[in-house]
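Just so it is clear, none of the values below were taken in a lab; they were calculated from the coordinates. Not measured: the values here are computed from a predicted model. Glycine also receives a Cβ, built like all others from the backbone with ideal geometry; neighbour counts cover every protein chain displayed.
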Amino acid sequence: MHAFLRFNGAVAHEPAIDRWFDARPDALGDSARRWFAVMRRCGDDVRELIHDRCPPACVGDAAFGYVNVFKAHVNVGFFQ
């Protein structure tokens, strides 16, 4: 049995995440925003929040993916 990373407080749409993308450099922020939009469209039960200064996407409270922006690259990752 796998233990899932779970987050309390995930919501259907967190406005702070859009502000997080707005604060990132143009090309990198745009790329991260596009990837996170794909995650947002994965289902009606997708939830999100800011955790450790970046946005993970969850199914309910179980995290399944995240994006992060660094100085010269974007990281897209998946849990499990």
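Tell me, what is the percent relative contact order of the stretch 10-67, built from C-alpha pairs under 8 Å that lie six or more residues apart?
34 percent
For the chain, adding -39500 (n - 2.57) for each run of n ≥ 4 DSSP H residues and dividing by the number of residues yields -9000 deg cm²/dmol at 222 nm.
According to the square roots a ≥ b ≥ c of the eigenvalues of the Cα gyration tensor, what is the shape class of the chain, taking rounded for a/c under 1.5, prolate for a/b larger than b/c otherwise, and oblate for the remainder? It is prolate, given that a/c is not under 1.5 and a/b is the larger ratio. Computing FRET efficiency as 1/(1 + (r/R0)^6) for residue 45 and residue 5, where r is the C-beta to C-beta distance and R0 is 22 Å, gives about 0.85.
Among 20-31, 5-16, 64-75, the peptide with the highest mean count of other Cβ atoms within 10 Å heads the list, and the full ranking is 64-75, 20-31, 5-16.
Dipole magnitude for the chain: about 180 debye, using +1 per Lys or Arg Cβ and -1 per Asp or Glu Cβ, origin at the Cα centre.
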